[in-house]
Amino acid sequence: MATKQRKGGVQKKARRKVQRGVVHILATFNNTLVTISDRSGMVIASSSSGACGFRGARKGTPFAAQTAAEEAARKSLDYGLKYVDVIVTFEHDFLSMI
């Protein structure tokens, strides 16, 4: 007789719940990177202007940065994120202009 086999399936990984997080924003002349992590540094969600569909000079616009931040925030809502600290980093050397 044939033995009964179970249908194989992969269980969905349970998402951890995070209440507090950190938003890292790296703004350059050509692109904006937004990364959301928990307080220990584990990345929850990330996005960039290029990943949102902007190409060329339009990646460096404020609207592209806003769209990237909204997309990363939308992804992080699945983890239950409610409170964030924001760290903004600019990639620019002021001494090279002198």
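Rule-based calculations on the coordinates, nothing more; no lab input. Bear in mind that the values here come from a model prediction, so they are computed numbers and not experimental data. Here the Cβ positions follow ideal geometry from the backbone for every residue, glycine too, while neighbour counts run over all protein chains shown.
Filtered by the rule that a residue be under 19 Å from PHE90 (Cβ atoms) and surrounded by 13 or more Cβ atoms within 10 Å (Cβ to Cβ), region 21-35 gives VAL22, VAL23, HIS24, ILE25, LEU26, ALA27, THR28, ASN31, THR32, LEU33, VAL34, THR35. Do we find a residue being touching a residue at least 24 places away in the same chain (Cβ under 8 Å) and over 11 Å from the mean Cα position of the chain (by Cα) anywhere in region 62-77? There is at least one residue in region 62-77 that is touching a residue at least 24 places away in the same chain (Cβ under 8 Å) and over 11 Å from the mean Cα position of the chain (by Cα).
Regarding SER40, is this residue under 23 Å from ARG16 (Cα atoms) and either in contact with a Cys (Cβ under 6 Å, 6 or more places away or on another chain) or free of Cβ contacts under 8 Å to residues at least 60 places away in the same chain (or both)? Can you show your working first?
Working: under 23 Å from ARG16 (Cα atoms): yes; either in contact with a Cys (Cβ under 6 Å, 6 or more places away or on another chain) or free of Cβ contacts under 8 Å to residues at least 60 places away in the same chain (or both): yes.
Yes: the conditions hold for SER40.
Just so you know, in region 47-82 the residues that are closer than 16 Å to ARG15 by Cβ and hydroxyl-bearing (Ser, Thr, Tyr) include one that is surrounded by the fewest Cβ atoms within 10 Å (Cβ to Cβ), and it is TYR79.
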